[in-house]
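Here is the structure we will look at, set down as structure tokens.
Computed from the coordinates by the stated procedures, all read-outs in this text should not be read as laboratory data. On a predicted model such as this, the values are computed, not experimentally measured, just so you know. Methodologically, a virtual Cβ is constructed for each residue, glycine included, from the backbone with ideal geometry; neighbour enumeration extends over all protein chains shown.
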Amino acid sequence: MDKNLEILISIDNLETYMDDLNDQKYIDKIQELGMTIDTKALASLEKTRSDLLDELTPNLKREYLRLKKYYQNSPIPRAIVPIRFERGEGFCFGCSSKIPAEVFQRVKKYHTIERCENCGRFIFWPPLP
């Protein structure tokens, strides 16, 4: 898998986790259970995120951050999404648009970073577990 793709997936997963930890409903539930969120751990996650972002090329970093901000309040608040495979075709998990066959095959075969032609999100073929 492409190194930039791995970094983008890691950053997006980390940010989703951090968003959950900062969600007031989650914080209220944690406090209700008599627990607290470790602020040092949160700071460590933020440092890891920052370090990973610095590993990206400036253009890729800028585009990722732009997409993340743009989609932050959407039903699927992610800048990078997997391709959903259905009835022999690929669809963007972010907007459900069909991925052109040549793009789908390239992403699936070479694990390249591509963009959805409809929503602009980064798309990838999920690796097998």
What Kirkwood hydrodynamic radius do you get for the range 80-124 when you take the inverse of the mean 1/r over all pairs of distinct Cα atoms, in Å?
10.0
Rounding to the nearest 20 debye, state how big the charge dipole of the chain is about its Cα centre with +1 on each Lys and Arg Cβ and -1 on each Asp and Glu Cβ.
400
How far, in nm, would the chain grow between TYR26 and HIS111 when pulled straight, counting 0.36 nm per residue and subtracting the alpha carbon separation?
27.1 nm
What list of ³J(HN,Hα) values in whole Hz, one per residue of the range 71-88 in order, does the Karplus curve 6.51 cos²θ - 1.76 cosθ + 1.60 (θ = phi - 60°) give from phi, with Gly and Pro shown as x?
9, 4, 10, 8, x, 10, x, 10, 8, 10, 9, x, 8, 8, 9, 8, 6, x
Simple spin-label estimate for ASN13 and SER74 in nanometres, 7 Å along Cα-Cβ:
2.2
Step through the residues of the range 37-42 one at a time and calculate ³J(HN,Hα) from phi using the Karplus curve (6.51 cos²θ - 1.76 cosθ + 1.60, θ = phi - 60°), rounding each to whole Hz and writing x for Gly and Pro.
9, 6, 5, 5, 5, 4
Taking H as built 1.01 Å from N, whose amide H comes closer than 5 Å to the amide H of VAL81, not counting residues under 5 places away?
PHE122, ILE123, PHE124
In the chain, what percentage of the DSSP-assigned beta bridges are antiparallel, given to the nearest 5?
70
For the charge dipole of the range 12-75, defined by +1 on Lys and Arg C-beta atoms and -1 on Asp and Glu C-beta atoms about the Cα centroid, which residue among TYR26, LEU65, PRO75 has the Cα displaced farthest towards the positive pole?
LEU65
Helix 3-22 axis, angle to the chain major axis (alpha carbon atoms, nearest 10°):
40
Simple spin-label model, 7 Å along Cα-to-Cβ: ILE37 to SER96 in nm?
3.1
Would you please calculate the Kirkwood hydrodynamic radius of the chain over all C-alpha pairs and express it in Å, rounded to one decimal?
16.0
Which whole-Hz ³J(HN,Hα) couplings does the range 117-126 yield from phi under the Karplus relation 6.51 cos²θ - 1.76 cosθ + 1.60, θ = phi - 60°, glycine and proline marked x?
5, 8, 9, x, 5, 6, 10, 8, 8, x
